[in-house]
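Everything on this sheet refers to the single structure shown next.
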Amino acid sequence: MESYLDNAATTRVTDSVRKVMDQVMSVDYGNPSSLHKKGMDAERYIREASETAAKTLKAQPKEIIFTSGGTESNNMALIGAALANRRSGMHIITTEIEHASVLNPILFLKECGFRVTFLPVDQEGRVIASELERALADDTILVSVMHVNNEIGSVQDIRRLSGIVKEKNPDILFHVDAIQSYGKYTICPKQEGIDLLSVSGHKIHGPKGSGFLYIKDKVKVKPLIYGGGQQKGMRSGTENVPAIAGLSAAIKEIYTNHDEKAAGLYRLKERLIHGLLAMEDVTVNGYSAGEDIRKTAPHIVNAAFAGIRSEVLLHALEEEGIYVSSGSACSSNHPALSGTLKAIGVKQELLSAAVRFSLSVYTTEEEIDYALAGLKKLLPVLRRYQRK
């Protein structure tokens, strides 16, 4: 048996996604900018995908720009918005627990002369609202906060945080990295004060290399890619129609019976946490025992196994057909100690002992139980080995 518990890194595509991508690649393969029927057939997939994505956000199709995934969406949102609005100010606010695809564009902007404030978080990984209030300044133009943290599954109160920002100045742009939350939550940008929102397709059973950026109508963002003027000039280059069509199919599927799926994920997460906490010298990061589990994301559990290095445990589990992660899969093949775990106050000796388990709507109880059984078997052996 296998137990794939690394769905925050990537998910398998569904049959409906594969089917439509094959149709586009082998039959409806025209260039969507071509004026003949093949081109119009291809363009129809893009139009329908825009409508599908927009519907889930209660937005307009013209507010959807397709990208190659979450990293590009975050780069376009942050760099594009900062450059387009720098005459209004040079101050940007973000948090200490952002993904590298937000952190590194922010550091690039800092090199370009922008002033950056990094907000602290509490022990559950939630932004401290009073710190956001204190950080806002007259020259603040952009605030970026991830909705769900990719390592520990903490969830930000986006509506409250955006409300603080907009009360200070309605013109300050509020960006949300929704790469781990889209498909798990219903998000309404206009109701929640979101101006820019990033989404990745391969986190919701769509293809890798797909995603989109929601840009609220009238928000100024400079394009990062120039050329033939596709997608209203916001992202030039021939559109990746197979990936866009596959993303559209994945969106439709993930938001069908959405509440049922979320409830199922929480049941599995509870089962996993209960099993982990029953083991000796295991702690769950970003979650306090007895806390309402629905205050955290439904699909991510981060646990530290005292006395065992995460890479050692990861490969031992791999030998048993159990697949997990020792950190953010998107940062590098050899990630440094987690900035997120440091930010929430995890003890130094546990920083290199943390493993992330992440679920999908296709994860089964049997996979959870198999992983727990594997851990029970391996932990005593690995601890004896590590002590030698």
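Among residues of the range 42-69 being under 15 Å from PRO242 (Cα atoms) and free of Cβ contacts under 8 Å to residues at least 24 places away in the same chain, the one that is most open to solvent (accessible area, probe 1.4 Å) is ARG47. Candidates are the residues of the range 133-154 that are surrounded by fewer than 23 Cβ atoms within 10 Å (Cβ to Cβ) and touching a strand residue (DSSP E or B) at 6+ places or on another chain (Cβ under 6 Å); the one that is farthest from VAL219 (Cα to Cα) is ALA135. When you scan the range 6-21, do you find a residue that is open to solvent by 60 Å² or more (accessible area, probe 1.4 Å), modelled with pLDDT under 95 and either over 30 Å from SER358 (Cα atoms) or assigned to a helix (DSSP H, G or I) (or both), even just one? Scanning the range 6-21 turns up no residue that is open to solvent by 60 Å² or more (accessible area, probe 1.4 Å), modelled with pLDDT under 95 and either over 30 Å from SER358 (Cα atoms) or assigned to a helix (DSSP H, G or I) (or both).
Residues that are of a type outside the set (Phe, Trp, Tyr), crowded, with 18+ Cβ neighbours inside 10 Å and under 27 Å from GLU291 (Cβ atoms) within the range 165-189 comprise VAL165, VAL176, ASP177, ALA178, ILE179, GLN180, SER181, GLY183, LYS184, ILE187, listed in sequence order. Let me confirm something: among LYS38, LYS62, which residue is more than 30 Å from VAL116 (Cα to Cα) and in contact with a Phe, Trp or Tyr (Cβ under 9 Å, 6 or more places away or on another chain)? When all the criteria are applied, what remains is LYS38. Restricting ALA77, ALA42 to residues that are over 23 Å from the mean Cα position of the chain (by Cα) and of a type in the set (Gly, Ala, Ser) narrows the list to ALA42. If you check GLU311, GLU260, which single one turns out to be in contact (Cβ under 8 Å) with a residue 12 or more places away in the chain and of a type in the set (Asp, Glu)? When all the criteria are applied, what remains is GLU311.
Between ASP139, ASP177, the distinction of being of a type in the set (D, E, K, R), under 18 Å from the mean Cα position of the chain (by Cα) and modelled with pLDDT of 95 or more belongs to ASP177 only.
Only one entry of GLY227, GLY237, GLY286, GLY290 meets the criterion of being closer than 22 Å to SER200 by Cα and of a type in the set (Gly, Ala, Ser), and that entry is GLY237. For the range 345-388, filtering for residues that are touching a Ser or Thr at 6+ places or on another chain (Cβ under 6 Å) and outside any helix (DSSP H, G or I) leaves 4. Of all the residues in the range 307-324, those that are in contact with a strand residue (DSSP E or B) (Cβ under 8 Å, 6 or more places away or on another chain), open to solvent by 10 Å² or more (accessible area, probe 1.4 Å) and either of a type in the set (Ser, Thr, Tyr) or modelled with pLDDT under 95 (or both) number 1. Among the numbered conditions (1) touching a Lys or Arg at 6+ places or on another chain (Cβ under 8 Å); (2) open to solvent by 20 Å² or more (accessible area, probe 1.4 Å); (3) within 22 Å of THR56 (Cβ to Cβ), the only one that LYS252 does not meet is (1).
So that you can scan it fast, the table gives a plain yes or no per residue for (1) outside any helix (DSSP H, G or I); (2) touching a Phe, Trp or Tyr at 6+ places or on another chain (Cβ under 9 Å):
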position	(1), (2)
GLU72	no, no
MET76	no, no
ALA84	no, no
ILE92	yes, yes
ILE97	yes, no
ASN104	no, no
LEU107	no, no
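Give the residues of the range 269-278 that are touching a residue at least 12 places away in the same chain (Cβ under 8 Å) and open to solvent by 20 Å² or more (accessible area, probe 1.4 Å), sorted by residue number. The answer is GLU270, ARG271, LEU277.
Just so you know, in the range 22-38 the residues that are open to solvent by 60 Å² or more (accessible area, probe 1.4 Å) and of a type in the set (Gly, Ala, Ser) include one that is farthest from PRO207 (Cα to Cα), and it is SER33. Going by what's in this entry, would GLU98 be described as open to solvent by less than 50 Å² (accessible area, probe 1.4 Å), farther than 30 Å from GLU366 by Cβ and not small (Gly, Ala, Ser)? Yes, satisfied.
The values are calculated or read from the model by the stated rules, or taken from the named source; none is laboratory data. What you see is a predicted model; the values in this text were computed from it and never measured. Here Cβ is always computed from backbone atoms with ideal geometry, including for glycine, and neighbour counts include all displayed protein chains. For the accessible areas, the whole protein counts, side chains as well, though only heavy atoms, and no ligand, DNA or RNA atoms are used. Shrake-Rupley method; radii C 1.70, N 1.55, O 1.52, S 1.80 Å.
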